[in-house]
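The values are calculated or read from the model by the stated rules, or taken from the named source; none is laboratory data. Computed from a prediction, not measured in an experiment: that's the story for all the values here. Every residue, glycine among them, receives a Cβ derived from its backbone with ideal geometry; neighbour counts consider all protein chains shown.
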Amino acid sequence: MKNVMVLGGTGFVGTQVCKQLVQNGWTVTVPTRTPERDWPVRGLPQVHVVDLDVHDATALTKAMAGHTAVVNLVAILHGNAAAFDKVHVALPSRILQACHDNRVRELVHISALGANAQRPQDCPSEYLRSKSRGEAVLLASSEEPLSPRVTVLRPSVIFGAHDKFLNLFARLQRFFPVMPLAGAGARFQPVWVEDVASAVVRILAQDVPDHPAVIEACGPQVFTLRELVQLAARLGGVRGGLGRPVIALPDWIGRIQAFMMELAPGEPLMSRDNLDSMKVDNVASATVAGLEVLGITPSRLEPIAAHYLAPGVQRPGIAEQRKL
């Protein structure tokens with residue numbers, strides 16, 4: 001039977017993963033502790049939403065019974081070292097143990113571009129260090145008896161109709177006369193959410209049974225953060241497509257700005273740890289296979305973003321984006 005549990009299935013990426021899995025004949029279980037956020041998947045056929053705290057090892061093991069595969073998309077972008085460790089290291093360990101106990105055959109783990117399972121200490125941010133330690137736990141299990149086959153996907157920044165990246169830049173420029181930007185020169189290789197979801201489906205379907213254990217998910221183009229901000233404004237029709245002047249902030253001012261954002265209520269738009277992550281380019285390496293190994297030709301950003309950023313297209317506000 002094609003039964004898969006998708007942890008983080010109500011989020012931006014998880015929703016697309018669930019949709020493609022259903023289209024490919026999978027029955028999907030989505031655990032959540034926030035029923036008010038499950039609306040993107042609750043109406044999908046063959047998707048069962050269950051009330052479950054994934055950090056509860058006993059409950060997770062029980063709920064995983066009968067599944068042949070698990071996808072883990074649970075992650076946080078902001079927090080202290082303890083919070084990152086809980087979500088990015090302890091939870092993957094708990095998932096792996098539940099897979100062992102239930103003899104789950106496949107485990108797909110969504111990590112992050114820039115993670116380094118061999119040398120986590122070399123990563124510049126707590127986010128990337130914790131992602132790396134989580135990868136290391138999973139990849140080390142490959143030789144253990146009854147261990148599932150583990151595949152780690154490392155995406156660059158992910159774009160799509162409900163992303164919290166390009167949509168945010170477009171919306172901010174509708175309200176602010178200038179864009180003070182920390183990390184303006186940081187480089188990214190954005191990947192379409194549909195391509196990431198397709199990668200998950202192809203891995204679970206074993207379309208490429210001998211694929212590598214670690215795959216980088218990147219688009220075909222590299223942009224600086226400044227270029228992405230300007231592109232969002234142009235496609236969004238901000239000031240007739242001209243956008244706002246982008247002012248690149250020196251690192252020390254950017255860190256002050258990020259610290260002030262951390263003090264604001266709710267999830268910050270930027271943190272000092274985010275800036276630390278941008279100390280290394282978020283682009284494909286020359287040493288790890290890309291989406292092409294799964295038969296996926298990555299999609300270009302502009303034609304897709306032009307559709308959902310176009311003037312007049314209804315998009316979530318800042319508060320709503322934080323909830324997606």
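If only one of E292, E227 is over 21 Å from E126 (Cα atoms), over 18 Å from the mean Cα position of the chain (by Cα) and either basic (K, R) or buried (at least 16 other Cβ atoms within 10 Å of the Cβ) (or both), which one is it?
Numbers: E292 fails: either basic (K, R) or buried (at least 16 other Cβ atoms within 10 Å of the Cβ) (or both).
Every option except E227 fails the conditions.
Every condition in (1) exposed (fewer than 15 other Cβ atoms within 10 Å of the Cβ); (2) out of contact with any Leu (no Cβ under 8 Å at 6 or more places or on another chain) holds for R103 except the one numbered (2).
Can you pull out the residues in the range 245-275 that are out of contact with any strand residue (DSSP E or B) (no Cβ under 8 Å at 6 or more places or on another chain), in contact (Cβ under 8 Å) with a residue 24 or more places away in the chain and assigned to a loop (DSSP other than H, G, I, E, B)?
Initial filter on the range 245-275 (out of contact with any strand residue (DSSP E or B) (no Cβ under 8 Å at 6 or more places or on another chain)): 250, 252, 256, 259-269, 271-274.
Retained after the next criterion (residues that are in contact (Cβ under 8 Å) with a residue 24 or more places away in the chain): 262, 266-269, 271, 273-274.
Passing the criteria: G266, E267, P268, L269, S271.
For R174, state whether it is in contact (Cβ under 8 Å) with a residue 12 or more places away in the chain, assigned by TED's automatic domain parsing to the domain that holds S141 and basic (K, R). Break it down into steps so the answer makes sense when it comes.
Numbers: in contact (Cβ under 8 Å) with a residue 12 or more places away in the chain: yes; assigned by TED's automatic domain parsing to the domain that holds S141: no; basic (K, R): yes.
So R174 does not fit the description; no.
Residues that are of a type in the set (V, I, T) and in a helix (DSSP H, G or I) within the range 187-242 comprise V193, V196, V200, V201, I203, V229, listed in sequence order.
Residue count for the range 55-72, restricted to those that are crowded, with 19+ Cβ neighbours inside 10 Å and more than 17 Å from N3 (Cβ to Cβ): 0. Each residue in the range 87-113 was checked for being among the basic types (K, R) and over 15 Å from L7 (Cα atoms), and 2 pass.
From the list H55, H48, which residue is out of contact with any Ser or Thr (no Cβ under 8 Å at 6 or more places or on another chain) and either in a strand (DSSP E or B) or assigned by TED's automatic domain parsing to the domain that holds V70 (or both)? Before the answer, list the steps.
Working: H48 fails: out of contact with any Ser or Thr (no Cβ under 8 Å at 6 or more places or on another chain).
Testing whether each residue is out of contact with any Ser or Thr (no Cβ under 8 Å at 6 or more places or on another chain) and either in a strand (DSSP E or B) or assigned by TED's automatic domain parsing to the domain that holds V70 (or both) leaves just H55.
Of all residues in the range 276-312, how many are touching a Lys or Arg at 6+ places or on another chain (Cβ under 8 Å) and part of a helix (DSSP H, G or I)? Looking only at that region, the number is 3.
With respect to the conditions (1) on the phi > 0 side of the Ramachandran plot; (2) part of a strand (DSSP E or B), L146 lacks only one, and its number is (2).
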